[in-house]
Amino acid sequence: KLDVSGNDMLMWWEHDDVTKLAVLYLESFGNPRKFARTARRVGAKLPVLTVRSRHSAADQALFEQAGVIVTGSVGELAETAALLATQPVPAGRTVAIVSNAGGAGVLAADACTELGLTVHRPRGLTRRRLRALLPGGTVTGPVDTTAAISAGNFRRCLELLAGDEGVDAMIALVQPTGANSDLITAIQDADVRVPLAAVALDQAETIRLMPRLAGDGQIPVYDVPDAAAAALAHAAGYSAWRTEPRGQVPSFPDVQAADARALVTGVLHREPGGGWLPPDKTADLLHCYGIRLTDAEPVQSDGTEVKIGVTHDRVFGPLVVFGSGDHAARLTPLTDTDADALIRSADAAPWLLGRREVPATDLETLRELLLRVSRLADDLPEVTELELNPVIAKPHGVFAVDARIKLTPYPPPDPFLRRLR
């Protein structure tokens, strides 16, 4: 770590033409902003995974924005890596489940649902073909082949479901019984083109890789359904991140950055220790960034009340926080897609995005307000706390009613701190 950082490793793996996925354990970030930029770029080419048993809001924001797959334990990291190293990335979140043990199939379905995956429900011709193949089984999903299934019919069942429209991935669970032959071999022999995770309920190892018999490659085999579901959920989340537009940081030509800098410098010259700005200076600083406060009296409280804030993390720098109770956070500078993700992940999202008979709020104006706050925080590291509270979001406008801003002297950069350019 003295000579080679996590950023160095990512840049090497990005271009070595050998690495298929990057796995990191990081206790610290020498340059977290550079890590975010590097991981986001590398993640568009290959999966980047890490393990963090406990992490702060700043960690979470960094990893989400950079597309890093975060696992909660070393075991979960290995299980997810096994899937991503051997299987294609799923195109979506719909998983077909096939099992010769009905209870195990239900457990897998429950685990998938809890992790945001959708269990495939065969319909139409596929259901009729399954019913003909499995006269005593359950074909509505998860598919229960019953314990007496033959290896040949189990393989045909896998291939039939893998070709069904809307299936993005598959979990095949097997429990050896005296009534069937080797179903693991049937999984190896199946011609399945979607991501496939196997579960062998009698397996001693937590995770192993077995070779495909139909063509090159390997299949991960887990000992419990939850592990397979968790690995697929991570892979599906990574796939969704990779296909999202990267977004842009708007320039806001009306921003008066020089005036804002002069205001902050003047205040800290008079008050070297910093502190909370008086209301008039708060309004002036916000005005430099096109943010105007509205008197509470003209704003009726029939909108959705939220808070927009800025907090300063000593390692990661400024974060924009947003919500009404439990706040979501993102590192600055926000892109337009970051701002949208912040709105969607906030606890107030159901009210902001609209519900039955309740129109959505003015999301465009709300997005712009978040981006202007981000620009202010990114320009002025002396702003260590900022709070717009309440912000009332309505279908035809977003109104910041009150604000507080705290300034803290910003220390000069350490000339001996190693930062890769």
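What is the local net charge at A58, summed over the other residues whose Cβ is closer than 12 Å to its Cβ (Lys, Arg +1; Asp, Glu -1)?
+1
Using a Gaussian network model of the chain whose springs link C-alpha atoms within less than 10 Å, name the residue from V194, V74, V18 with the highest mean-square fluctuation.
Judging by the Gaussian network model, the answer is V18.
Share of the chain's accessible area from carbon and sulfur, percent, 1.4 Å?
52 percent
Compute the length gained on full extension between D202 and R37: take 0.36 nm times their separation in residues and subtract their Cα-Cα distance, giving the result in nm to one decimal.
Length gained, D202 through R37: 55.0 nm.
Testing the spin-label approximation: label points 7 Å from Cα along Cα→Cβ at L209 and R292. State their distance in nm.
6.1 nm
Distance from the Cα centre of the range 224-260 to that of the range 95-160, in angstrom?
33 Å
Relative to the longest principal axis of the chain, what angle (0 to 90°, nearest 10) does the C-alpha long axis of helix 363-379 take?
Rounded to the nearest ten degrees, it is 60.
All other residues with a Cβ under 14 Å from the Cβ of R123 taken together, and with Lys, Arg as +1 and Asp, Glu as -1, what is their net charge?
Within the 14 Å Cβ shell, the charges total +3.
How tilted is helix 124-133 with respect to the longest principal axis of the chain? Cα atoms for both, answer in degrees (0 to 90, nearest 10).
Around 40 degrees separate the two axes.
Given C-alpha coordinates of the range 109-199, what is the ratio Rg to Rh with the Kirkwood estimate of Rh?
My calculation of the ratio gives 0.93.
Report the convex hull volume per residue for the chain, counting only C-alpha atoms, in Å³.
Hull volume normalised by residue count: 165 Å³.
How long are the semi-axes of the equivalent ellipsoid of the range 180-232, defined as square roots of 5 times the Cα gyration tensor eigenvalues? Whole Å, largest first.
17, 14, 9
If you build a Gaussian network model of the chain, linking Cα atoms that sit under 10 Å apart, which residue out of R242, R131, R93 swings the most?
With Cα springs under 10 Å in the chain, the top fluctuation among R242, R131, R93 is at R131.
Rounded to the nearest whole Å², what accessible area per residue is found for the chain with the 1.4 Å probe?
Ligands and nucleic acids excluded, the figure is 48 Å² per residue.
Using only the Cα atoms of the range 165-209, what are the Rg and Dmax in Å?
Cα-based Rg and Dmax for the range 165-209 come out at 11.7, 35 Å.
Highest mean first, how do 38-48, 207-217, 227-237 rank when packing is the count of other Cβ atoms within 10 Å averaged over residues?
Order by mean packing, descending: 227-237, 38-48, 207-217.
Within a Cβ distance under 12 Å of G323, other residues only, what is the Lys/Arg minus Asp/Glu net charge?
Here the charged neighbours net out to 0.
Take the residue pairs K45/K394; K281/K307; K45/K406 and return only those whose Cα atoms are more than 30 Å apart.
As for pairs spanning more than 30 Å Cα to Cα, those are K45/K394; K45/K406.
So in the chain, what percent of DSSP beta bridges are antiparallel if you round to the nearest 5?
60 percent
Taking the chain as the reference, fit the longest principal axis to its C-alpha atoms, fit the long axis of helix 151-162 to the helix C-alpha atoms, and give the angle between the two in degrees, 0 to 90, nearest 10.
So the inclination is approximately 30 degrees.
For the range 5-48, which chymotrypsin sites (Phe, Trp or Tyr not before Pro) are in a loop by DSSP, counting at most 15 other Cβ atoms within 10 Å?
Qualifying residues, ordered by number: Y25.
The values are calculated or read from the model by the stated rules, or taken from the named source; none is laboratory data. In this text the structure is predicted, and so the values were computed from the model without any measurement. Reconstructed Cβ throughout: ideal geometry from the backbone, glycine too, with neighbour counts over all protein chains shown. Surface accessibility is based on the protein's heavy atoms, side chains included, excluding ligands, DNA and RNA. Shrake-Rupley method; radii C 1.70, N 1.55, O 1.52, S 1.80 Å.
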